[in-house]
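The values are calculated or read from the model by the stated rules, or taken from the named source; none is laboratory data. Owing to the predicted nature of the structure, the values given are computational and were not obtained by experimental measurement. Note that each Cβ is placed from the backbone with ideal geometry, even for glycine, and that neighbours are counted across all protein chains shown. Keep in mind that these areas ignore ligands, DNA and RNA; they rest on the heavy atoms of the full protein, side chains included. Shrake-Rupley method; radii C 1.70, N 1.55, O 1.52, S 1.80 Å.
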Amino acid sequence: MDRPHPTDDELIEHFCGDATPSARERIETHMRECAQCQRAWDDVAAALTMVNDAVPEPPDGFERVVWARVRQAIELEPRRSIWTWRAIVPAGALAAAVIALVMTSRGNHVWAPVVDTTVADAARANLKQNERVLFTALDEHFQQTEALLVELRNAPDKDGLELERVTADDLVAAGRLYRQTAEYTGHEGLVRMLDDLEPVLVEVARGSTQMAGRDRQWLRTRIEDDNLLFKVRAANYDVRERAAHND
Amino acid sequence: MHLDDAAAVALAARGDEDAFRVLVERHSRSVFRLAFRMTGTAEDAEDVVQETFVRAYRQLARFESRSNFATWLYRIGFNCAIDHLRSRNDKETNPAPEVLDRLAPAVTGPTSEDLVFAGQIGARVQQALNGLSEQERAAFLMRHYHGCSIEEICGALGLKTNAAKHSIFRAVKKMRTELQPLVRMRMEGL
């Protein structure tokens, strides 16, 4: 074999499909006779395939969740950009008001004997409106929960958790009321979601404001392993859709 | 009704939310793959995907219709991922990419037990990607995983042809060196 080996750059350029036709022919001819260059080529191909294989496929429904997040970010950007925990309305108080509204509506209008079509129509319209209130409240609840989870995941261990603890406590109380209402109104998916969130929120609410590293790691692992952020975003998307369809 | 990218961009730029939704849903997975390769975690990649589309939305009026929307989006995605990485490195105590790079030669190569855990491969790939400069990584990923031409990479990253090519060369060499032990083990069926 008289011809010199192609340089690494030439080999890579050819691999990328950017070599000139004459260079391509020269390299291919060379490789047919040169095990060393063929092996180098195979190594490059295998390494690049490995990079490709290492990327996980996003879960089903990923596109919908992305769209929900993007739409929300576009619509709410100015508000989100000045987001602070201190600005949050106490979630428990809001939840109690919503629950009272929904339960009353359901008790008075849906389960009561209906003898008049007009009354029944009015009752359905009323329930629909009040369910929309519930979904809107859950939208806020899930947004606050998501923000808290992100904060917990990213906060350095040295930072205290005073504010997060107060917020988590409020979210636990509100979540239980929402769970009760979701169960009552037959929204089982929301019940499961709220059940999944509660252990993490309770851990923060009941934990020390200077939570130890091991406990923080447990929280982070739970958030990651249970894919809680994704689930919260998906649930948030669903309640927003339901609220929209109730319009 | 099927909308191609150019038509969807034109409608979205005039405020048609459904048209922008078509673009988001069509490209979100490929932007995720790009973002994952850049950041190394699904959570970070999700954040980058969101930020990419939000920035794209704000800049739709600047998109030139003769360009390829996907390439334009990747450029925004790369910038978002780089911003995200810088912000993450500022916040965390994790070693910076250059530190990982310095540590890499000390790794003698995975044993056969390592390969029992598929995650090891992902971790090593990410370590190799972290060892690339931002420019190398961007050019490399655009060329090999998103099918961008050298001209498109030059346009997206503001590079001259030779600089783009050399970034890719260096990136491929580094990836090959870093991943060679795993490649050998896989080829030899260990």
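Computed values, structure above
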| item | result |
| --- | --- |
| Label-point gap, in nm, between A:GLU224 and B:ASP18 - each point 7 angstrom along Cα→Cβ | 4.2 |
| Label-point separation, A:ALA244 to B:ARG88 (7 Å along Cα→Cβ), nm | 2.9 |
| For B:18-25, mean number of other protein chain Cβ atoms within 10 Å | 3 |
| Quotient of Cα Rg and 2.2 N^0.38 Å for the range A:1-41, N being how many residues it contains | 1.02 |
| Distance from the range A:179-247 to the range A:1-56 (C-alpha centre basis), Å | 50 |
| Computed lengthening from B:ARG55 to B:GLN180, 0.36 nm per intervening residue step minus Cα-Cα distance | 41.2 nm |
| Probe 1.4 Å - accessible area at B:SER28, Å² to nearest ten | 0 |
| Potential extension, A:GLN36-A:GLU151 segment - 0.36 nm per residue separation minus Cα distance | 36.2 nm |
| Probe 1.4 Å - accessible area at A:TRP41, Å² to nearest ten | 50 |
| Sequence of B:LYS173, A:LYS158, B:LYS165 from largest to smallest accessible area, 1.4 Å probe | A:LYS158, B:LYS173, B:LYS165 |
| Percentage of interatomic Cα-Cα distances in the range B:124-190 larger than 18 Å | 39 |
| Estimated inter-spin distance, A:ASP196 and A:GLU75, nm [label 7 Å along Cα→Cβ] | 2.2 |
